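Coordinate-derived values only; no laboratory data. Predicted, not measured: the structure shown is a model, and the values here were computed from it.
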Amino acid sequence: MHELKIAEELIIIVLKVAESENLKKITKVNIQFGKMIQIVPDIFRFVFESGVKGTIAKNARLKLEILPIKFACKKCKAETEIEDLLFVCSFCGSNDLELIQGRETIIESIEGEK
Ligand SMILES: [Zn+2]
């Protein structure tokens with residue numbers, strides 16, 4: 001269950017940011033995951049909510065967004081979003097691709113009250 005490890009790391013960052021911004025309460029956290037991280041949103045939500053108990057983020061609303069996997073084709077330069085795990089350019093059929101999106105873990109924003 002790698003959601004637990006990722007949640008723990010993100011909670012530490014979220015709390016640090018909130019501290020540096022002098023927030024008394026965190027009301028909302030927006031997080032984006034690339035699809036290749038293979039986060040199960042329900043599990044992540046559960047471990048995140050357990051992890052923030054007793055902190056200023058305990059009542060924060062968690063918004064999760066999964067970013068699709070995107071490749072740039074080295075042959076025709078087109079960008080392809082991959083739905084299934086068939087890694088070919090949907091424009092020219094080449095499989096000489098470079099991953100440009102799909103592996104990220106991004107804390108997009110944190111909202112809170114001072
Ligand atoms: Zn192509």
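Non-local amide H neighbours of LEU62 (under 5 Å, H modeled in plane, Pro and chain starts lacking H): which ones?
Answer set, sorted by chain and number: VAL29.
For the stretch 73-114, just say rounded, prolate or oblate: build the C-alpha gyration tensor, square-root its eigenvalues into a ≥ b ≥ c, call rounded for a/c under 1.5, and beyond that prolate if a/b exceeds b/c, oblate if not.
Verdict is prolate for the stretch 73-114.
Among DSSP beta bridges lying fully in the chain, give the percent that are antiparallel, nearest 5.
70 percent
Among LEU62, LEU99, LEU86, which one moves the most in a GNM of the chain with springs linking Cα atoms closer than 10 Å?
Between LEU62, LEU99, LEU86, it is LEU86 that shows the largest mean-square fluctuation.
Quick one: what are the phi-derived ³J(HN,Hα) couplings along the stretch 59-69, Karplus 6.51/-1.76/1.60 with θ = phi - 60°, whole Hz, x for glycine and proline?
9, 5, 8, 9, 10, 10, 10, 9, 8, x, 6
How far is helix 41-51 tilted off the main Cα axis of the chain, in degrees rounded to 10, range 0 to 90?
Between the helix axis and the principal axis of the chain, the angle is about 30 degrees.
Counting helices only, and only those DSSP H runs with n ≥ 4, report the 222 nm mean residue ellipticity of the chain as the sum of -39,500 (n - 2.57) divided by its residues, in deg cm²/dmol to the nearest 500.
-8500 deg cm²/dmol
Return a whole-number percent for the relative contact order of the chain, with Cα pairs under 8 Å and 6 or more residues apart as the contact set.
This gives 37 percent for the chain.
For the stretch 25-100, what D do you get in µm² per second when you plug the Kirkwood radius from alpha-carbon pairs into Stokes-Einstein at 37 °C and 0.692 mPa s?
226 µm²/s
Using a 10 angstrom cutoff on alpha carbons, build the Gaussian network for the chain and name the most mobile of GLU79, GLU104, GLU49.
GLU79
With θ taken as phi - 60° and the coefficients 6.51, -1.76 and 1.60, list the Karplus ³J(HN,Hα) couplings across the stretch 72-79 in order, rounded to whole Hz; mark glycine and proline as x.
9, 7, 6, 7, 10, 6, 6, 9
Whole-Hz ³J(HN,Hα) for each residue in the stretch 2-17, computed from phi via Karplus 6.51 cos²θ - 1.76 cosθ + 1.60 with θ = phi - 60°, x for glycine and proline: what do you get?
Per residue, the Karplus-derived 3J(HN,Hα) values read 6, 4, 4, 5, 5, 4, 4, 5, 5, 4, 4, 5, 4, 5, 5, 4 Hz.
Which residue fluctuates most in the GNM of the chain (Cα springs below 10 Å): VAL47, VAL14, VAL88?
VAL88
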